[in-house]
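Here is the structure we will look at.
The values are calculated or read from the model by the stated rules, or taken from the named source; none is laboratory data. Quick caveat, the model's predicted, so the values are computed rather than measured. FYI the Cβ positions are ideal-geometry reconstructions off the backbone, even for glycines, and counts take in every protein chain you see. Heavy atoms of the whole protein, side chains included, go into the accessibility calculation; ligands, DNA and RNA do not. Shrake-Rupley method; radii C 1.70, N 1.55, O 1.52, S 1.80 Å.
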Amino acid sequence: MPLLHLSLPPHRLLLVAGGRRRRRRLLLLPPSPRRVCVRAAASVELEVAAAAGEYGLPFPSERAAHHRELAAAAAAVERACRLCVDVKRSLLSGEKKIFEKNDQTLVTVADFGVQALISLELQRLFPSIPLVAEEDSASLRSSNTDDNSSNVLVESISSAVAEKVSNADSLLTHDDVLRAIDRGGKNAVSFDSNPASYWVLDPIDGTKGFLGGDDALYVVGLALVVNEKVVAGVMGCPNWSNATIASRKEDSAAAQPDRGILMIAHVGCGTWSRHLSVDIGQFTTAQSTWNRCLVDSCSVVNMARFCIPDSQTWNMIPLSVLFNSTMDESNPRDENEILLLSVYCGSLCKYLTVASGRASVFVLRARTKNLKSWDHAVGVICVQEAGGQISDWSGKPLDLAADLTGRRDIYPSGGVLVTNGALHGKLVEMISANHK
């Protein structure tokens, strides 16, 4: 049994010191009552079994060792996607407040709300499995002595979570919400060198996409890691469309039943997707609603469809020595030119694009020694089970256990390469030969 050193006792909150350097902008919803209701939990075993049985995964439990965990994760991510859609609608339709605190990235009520919601759902059903996630409540707490804005923010987060949490009869306090956020924070759990089981959550990958229009993608990503391997995962993308996303005008996903995708993967069972449910709690149980996801079959490099991070340009990628890039799909390409797709925003959106067969390759240059595990974990299982391959630029698999105590960082050599499998060996050779 691996040793887990929990530093977040259940009876009190974790107070985290400052130390963040850049500014974080927090978007607030109107305040709500300080206490909201959630239903008391019944037998955990019965609830887990019910979640697995009612959710309707596209493969039987006999084939999937982590069937119950995946069913619960899919339900939680779908609720989280609905939270994102509703929060965004409220932010755009009502009075909007901007709350600025010291931090390094943009964050919204939805980022905190998704992490709190999924943390609560998973802890209720699987209390022994720890959570590794992006956010913590340090920025919320550090502003308490400055003004009342933090209280308003916590009220906004609590309100958003209470509307989507599956329990609705007992009291959910602000402390409960902050504690749920901190359950995934960097000081919540310390691993040792032994193999471990844990969840990895990116509450919103592509926050700029969340704040953008309907043509901008963002993903709620959740993965289950067992013995240092990703064994199951769920990605929810509310803005995903099988049509041209930019042509859509409506802001509400509820008004567009074909908008939004839920992608699931389980080791040995494949990658599957279906449309997001229109309403919370109305999850379909029909297996026929799921579609099998497969990577594309392209085996010629210059005929492949590539995507790269929004913050990087093609000339930052070693392949640029060999190929020019174009974003024009209408013109025929010669053997020295590749097609570069515009996939905005976040890394997980690119993994989803490759796993669904829309892109052949996602290549990312690591501009720092470490990358965050939550930006890749769920993408790895979804692409692998769709027939693709993932490695660093030297061809080695991503090592989720490289961060021995936190499991929060990975250290890929050069960068990350995600492909349809058929192109992987060729691209590793090309990148290795031209990477300085």
Self-check item: Number of the condition not met by Leu341 [criteria: (1) at pLDDT 95 or above; (2) touching a Cys at 6+ places or on another chain (Cβ under 7 Å)]
Solution: (1)
Quiz prompt | strands (runs of 3 or more DSSP E) enclosed by segment 156-216 - at least 3 residues per element that are under 13 Å from Glu134 (Cα atoms) | solution = 197-205
Quiz item: Of all residues in segment 154-185, which are charged (D, E, K, R) and surrounded by fewer than 17 Cβ atoms within 10 Å (Cβ to Cβ)?
Solution: Asp169, Asp175
Self-check item: Cβ-Cβ under 8 Å pairs, at least 6 apart or on other chains, segment 70-90 side within 19 Å of Phe112 (Cβ to Cβ) and in a helix (DSSP H, G or I), far side open to solvent by 10 Å² or more (accessible area, probe 1.4 Å) and among the aromatic types (Phe, Trp, Tyr)
Solution: Glu78/Phe283
Quiz prompt | Within segment 317-436, helices (runs of 4 or more DSSP H) holding 3 or more residues that are open to solvent by 30 Å² or more (accessible area, probe 1.4 Å) | solution = 424-434
Quiz prompt | Candidates Ile308, Ile317, filtered to the one that is in contact with a Gly (Cβ under 9 Å, 6 or more places away or on another chain), closer than 29 Å to Ile204 by Cα and in contact (Cβ under 8 Å) with a residue 40 or more places away in the chain | solution = Ile317
Exercise. Keeping to segment 132-153, report how many residues are assigned to a helix (DSSP H, G or I), at pLDDT 80 or above and either open to solvent by 10 Å² or more (accessible area, probe 1.4 Å) or of a type in the set (Gly, Ala, Ser) (or both).
Key: 1
Self-check item: Only one of Gly357, Gly421, Gly414 that is under 19 Å from Gly233 (Cβ atoms) and more than 21 Å from the chain's Cα centre (by Cα)
Solution: Gly421
